[in-house]
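Read through the structure below, which is laid out as structure tokens, and then see the notes.
The values are calculated or read from the model by the stated rules, or taken from the named source; none is laboratory data. This one's a predicted model, so the numbers in the text were calculated from it and none came from an experiment. Heads up, the Cβs are rebuilt from the backbone with ideal geometry, glycines too, and the neighbour counts pull from every protein chain shown.
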Amino acid sequence: MLNINTNDENRIKELKELIAKYDKQYYENGASDISDAEYDRLYDEYLEFENKYPELRTLSDAPTKRVGAGKEAGTSTSLPKFTHKSPLLSIDRKAKDMEFLKDFFEKCGGEGKTFIVEPKLDGITCNINYEGGRFVNAATRGNGYIGDLITEQFKNTDTTYPQSIANNADLEIRGEAIIPFDYFSRNLSADYSNPRNAVAGIMRQIDAEEVKGKGVQVMFYDLGQYSLSNFTDSDYNNVAEIKDLGFQSVPVMKATSWTELRDIVNSHMNNMIQSIDGFNVLIADGYPQAVCDGLVIKVDSYNERAEIGMSEKGPKWMFAFKFKPLQVETVIQNVEWQVGNKTGRLTPVAVFEEVSLGGTKITRATLNNYDYMKNLPVLNVVAEASGKAYTQVVLKPVKDIMFIQKGDTLRDSKYNESQGEEECEYIKVGDIADDGFWIDEPNNWNGEWYEFEPNRFYLQSKGIHVGDKIIVERSNDVIPRIVAVKESHPVNPSFEVPNVCPDCGHPIEERYPLHFCTNPMCPSQMKGRIEHYASRDAMNIVGLGEAIVDVLFEKGFLTDLSSIYYLAEHREELESLPKFGKKKVDNLLKEIENKKTPELWQFIYALCINGVGKKASKDLAQHYLTLDNFLNATYDDLCSMQDMGEITAQGLIDFVSNDTAKDTIQKLLDAGVSPQAVQVNGDKFAGMTFVITGTLQNPRKYYQDMIEKNGGKVSGSVSKKTSVVLIGTDAGSKETKARKLVADGADIKLLDTEAAIQSFLEI
């Protein structure tokens with residue numbers, strides 16, 4: 001390859017081979033030798049090389065050039081490709097908060113404009129084509145422009161669709177392949193965690209016969225190109241026409257005011273979408289039970305959509321309102337104290353009766369810290385224990401609490417200025433609305449309206465106890481967390497911080513509100529440091545993820561950071577471990593060897609220095625250039641660095657002067673690790689601070705590398721000290737602030753076209 005150094009060229013070749021291999025395993029066999037996280041690390045590493053060498057993007061065998069590159073795109077490397085007549089656009093604007101929806105509503109015209117609302121189906125997007133009135137093919141969305149042909153797979157689904165349409169018309173119609181929730185529950189739940197995974201796995205099968213009898217249906221909701229005169233400027237009317245043509249459509253509702261739109265969204269389309277067994281499910285006559293993860297809101301008129309326009313990421317006339325996480329109830333059995341990786345921080349972990357949430361069986365959830373555990377909201381706020389109320393005041397506005405329920409008793413606390421003291425009233429919750437509730441008790445207020453306002457507080461018992469009924473949700477649809485106590489039992493045992501580390505027995509140190517093990521050689525800490533050292537953002541040793549580290553640490557093959565580089569001494573033993581084998585061990589050892597020459601910032605970050613993240617590691621590498629210079633840093637010199645606080649500077653001095661740290665680094669160097677000195681192309685941007693905002697022609701890292709290699713610094717915020725701002729599309733508040741500062745006299749250079757950026761950077 002031209003203009004690519006030999007080491008990088010070899011690694012690029014290796015990455016292309018590995019990604020192709022794992023793509024084949026995933027899409028043709030439905031399984032892979034590596035986890036999704038490890039796959040993503042490989043793919044992201046290749047992206048970094050593309051940013052470094054843009055000419056890679058022109059190569060025909062580039063992983064990123066394959067249709068739907070990456071697993072989540074829903075494509076197979078083996079299926080034939082199909083170019084869509086018009087692009088299938090993704091939704092760029094997404095939020096769970098009503099204020100963002102209101103902003104979208106107003107930007108698209110506001111009151112008087114017609115909007116449509118439809119369920120956001122959680123499946124696989126498909127594009128169906130008719131030519132001369134006859135059905136010809138079906139394809140996946142792919143990257144929005146080119147997808148996989150799945151014609152035969154589509155024919156083997158249970159989809160309702162016409163074989164032909166009138167007037168010899170051409171039609172491109174979009175839909176979502178789903179498996180109805182009731183069918184999934186009866187027939188597929190033992191094999192798949194949720195309907196989305198099931199339909200993704202079934203529809204990517206190379207053998208189309210595997211799709212038969214699996215319950216897959218496609219629900220249609222949108223048009224691409226068409227020649228039928230039946231369709232109009234109204235998307236709402238066109239969905240009805242889709243149904244009349246014989247397609248299984250989606251339910252659609254219309255709104256012409258903010259009140260209408262808000263009510264439709266708040267009610268989940270008038271209760272068409274309901275929670276069932278940890279899923280949001282469409283329950284509407286005439287429609288399959290499709291799992292939904294939100295609602296799609298669109299401007300109804302096609303002509304108005306054209307006027308509103310597009311961003312580089314997607315249409316400005318479409319919005320996805322994501323539902324709040326689903327919740328389930330369970331019962332606390334115990335609290336275990338987990339020693340955090342890397343830092344030795346103790347974290348309480350709740351153990352509870354098994355529940356299913358979004359198709360995943362869960363029995364544990366992190367409680368973050370002791371204060372979090374002690375102060376969870378309690379819903380039965382005035383329950384009695386031994387004849388006495390056990391409640392206490394919690395200073396949080398009622399309007400911010402999601403968990404107020406009918407029957408709860410609230411404390412209304414107000415300051416009486418005339419008497420110079422606080423007055424308290426207790427009010428029982430009746431029927432609830434968005435902005436308040438009706439009072440059930442006491443009698444003198446019964447039936448009165450009570451509005452949610454700041455400084456109106458509720459009561460809570462202290463701590464959680466054995467037998468408490470709790471409410472659990474999955475944060476960002478992934479991580480389980482406890483959000484409230486439904487029923488508290490304070491007479492039962494509560495949970496306290498242990499005095500010694502549960503892993504090594506050393507004393508616990510409190511650094512409010514956190515607690516730490518004081519032993520730097522604690523096994524849990526050491527294992528965590530190894531995991532961090534091998535992670536993608538650090539040394540990026542693919543194949544040495546957390547699960548593998550756990551096994552090798554337990555077996556005694558990994559004891560500290562340097563032991564990674566001596567695993568070859570245990571080759572035979574490694575090959576004999578379950579799910580390892582010769583080839584996997586060979587790949588792992590080769591990967592370890594290939595990653596002995598990291599960039600300096602990677603090595604600094606990998607050392608797991610307290611308070612030093614990725615950004616600080618890059619700043620330190622840029623400042624000191626070599627490892628020796630970094631290890632000889634002084635406190636005064638560190639404090640002279642921009643954005644380097646005194647506490648972090650002192651922590652760095654403590655680290656580089658610590659005998660254990662010195663020994664760790666020396667062992668790594670003795671093992672062959674050689675951090676590369678920072679190559680500075682010049683000092684053209686020395687002393688200059690850049691801000692990059694919006695969507696640019698190339699990935700952000702592309703510009704950042706150019707700036708940093710010429711002595712400049714990239715910051716995440718605009719200030720009077722900013723030198724240059726690179727402005728892409730949809731830049732938002734940073735652009736606004738920068739232009740205001742310039743208008744007020746600040747010496748900031750604004751570059752708002754790609755040509756201007758390239759000229760300034762001399763790319």
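Within segment 609-628, does at least one residue satisfy the condition of being at pLDDT 90 or above and under 20 Å from Pro523 (Cβ atoms)?
Within segment 609-628 (the criterion being at pLDDT 90 or above and under 20 Å from Pro523 (Cβ atoms)), the answer is no, since none of the residues qualifies.
Has segment 436-448 got at least one residue that is in contact with a helix residue (DSSP H, G or I) (Cβ under 8 Å, 6 or more places away or on another chain) and either modelled with pLDDT of 80 or more or not β-branched (Val, Ile, Thr) (or both)? Break it down into steps so the answer makes sense when it comes.
Taking segment 436-448 as the starting set, the residues that turn out to be in contact with a helix residue (DSSP H, G or I) (Cβ under 8 Å, 6 or more places away or on another chain) are 439.
So of that shortlist, the ones also either modelled with pLDDT of 80 or more or not β-branched (Val, Ile, Thr) (or both) come out as 439.
Within segment 436-448 (the criterion being in contact with a helix residue (DSSP H, G or I) (Cβ under 8 Å, 6 or more places away or on another chain) and either modelled with pLDDT of 80 or more or not β-branched (Val, Ile, Thr) (or both)), the answer is yes, since at least one residue qualifies.
Inspect all residues belonging to segment 750-760 and state whether any of them is among the acidic types (Asp, Glu), within 23 Å of Tyr605 (Cα to Cα) and touching a residue at least 12 places away in the same chain (Cβ under 8 Å). Give the derivation first.
In the first step, residues of segment 750-760 are kept if they are among the acidic types (Asp, Glu); the result is 752, 754.
Adding the requirement that they be within 23 Å of Tyr605 (Cα to Cα) leaves none.
No, that holds for no residue.
Just name the residue that is nearest to Pro162 (Cα to Cα) out of those in segment 128-147 that are of a type in the set (Ser, Thr, Tyr) and surrounded by 18 or more Cβ atoms within 10 Å (Cβ to Cβ).
First, the residues of segment 128-147 that are of a type in the set (Ser, Thr, Tyr): 130, 140, 145.
This time we only want the ones that are surrounded by 18 or more Cβ atoms within 10 Å (Cβ to Cβ), so: 130, 140.
Values: Tyr130: 10, Thr140: 19 Å.
This residue is Tyr130.
Among the residues of segment 224-251, write down those that are in contact with a helix residue (DSSP H, G or I) (Cβ under 6 Å, 6 or more places away or on another chain) and either among the charged types (D, E, K, R) or in contact (Cβ under 8 Å) with a residue 40 or more places away in the chain (or both). So that I can check it myself, show each step before the final result.
First, pick out the residues of segment 224-251 that are in contact with a helix residue (DSSP H, G or I) (Cβ under 6 Å, 6 or more places away or on another chain): 230-231, 233, 249.
Asp233, the sole residue that qualifies.
Does segment 46-60 hold any residues that are modelled with pLDDT of 70 or more and outside any helix (DSSP H, G or I), and which are they?
Passing the criteria: Tyr53, Leu59.
Any residue that is under 20 Å from Glu111 (Cα atoms), among the hydrophobic types (A, V, I, L, M, F, W, C) and surrounded by 15 or more Cβ atoms within 10 Å (Cβ to Cβ) - is there at least one of those in segment 302-312?
Our first condition is that a residue be under 20 Å from Glu111 (Cα atoms); within segment 302-312, this holds for 302-309.
Filter once more, so that each one left must be among the hydrophobic types (A, V, I, L, M, F, W, C): 306, 308.
Next, from what is left, pick out any that are surrounded by 15 or more Cβ atoms within 10 Å (Cβ to Cβ): 308.
Checked against the condition, which is being under 20 Å from Glu111 (Cα atoms), among the hydrophobic types (A, V, I, L, M, F, W, C) and surrounded by 15 or more Cβ atoms within 10 Å (Cβ to Cβ), segment 302-312 yields at least one hit.
Anything in segment 532-547 that is crowded, with 22+ Cβ neighbours inside 10 Å and either part of a helix (DSSP H, G or I) or without any contact (Cβ under 8 Å) to a residue 24 or more places away in the chain (or both)? List them, or say none.
Tyr533, Ala534
Are any of the residues in segment 694-704 closer than 30 Å to Thr559 by Cβ, free of Cβ contacts under 8 Å to residues at least 24 places away in the same chain and not assigned by TED's automatic domain parsing to the domain that holds Asn540?
Looking only at segment 694-704, we keep the residues that are closer than 30 Å to Thr559 by Cβ, and these are none.
Among the residues of segment 694-704, not one is closer than 30 Å to Thr559 by Cβ, free of Cβ contacts under 8 Å to residues at least 24 places away in the same chain and not assigned by TED's automatic domain parsing to the domain that holds Asn540, which makes the answer no.
Among residues belonging to segment 714-760 that are part of a loop (DSSP other than H, G, I, E, B) and among the acidic types (Asp, Glu), point out the one that is farthest from Ile692 (Cα to Cα).
Our first condition is that a residue be part of a loop (DSSP other than H, G, I, E, B); within segment 714-760, this holds for 716-723, 728, 730-732, 744-748, 752-753.
Retained after the next criterion (residues that are among the acidic types (Asp, Glu)): 730, 744, 747, 752.
On the way: Asp730: 12, Asp744: 21, Asp747: 17, Asp752: 10 Å.
Of everything passing the filter in segment 714-760, Asp744 is farthest from Ile692 (Cα to Cα).
May I ask you to list the residues in segment 655-707 that are of a type in the set (S, T, N, Q) and under 30 Å from Glu754 (Cβ atoms)? Break it down into steps so the answer makes sense when it comes.
So the first thing to find is which residues in segment 655-707 are of a type in the set (S, T, N, Q), and the list is 657-658, 660, 664, 666, 674, 676, 679, 681, 689, 693, 695, 697-698, 704.
Across segment 655-707, the qualifying residues are Gln679, Asn681, Thr689, Thr693, Thr695, Gln697, Asn698, Gln704.
What are the pairs, 6+ residues apart or on separate chains, where a residue within segment 163-175 that is closer than 19 Å to Tyr221 by Cβ has its Cβ under 9 Å from a residue that is in a helix (DSSP H, G or I)?
Final answer for the pair search is Ile173/Ile242.
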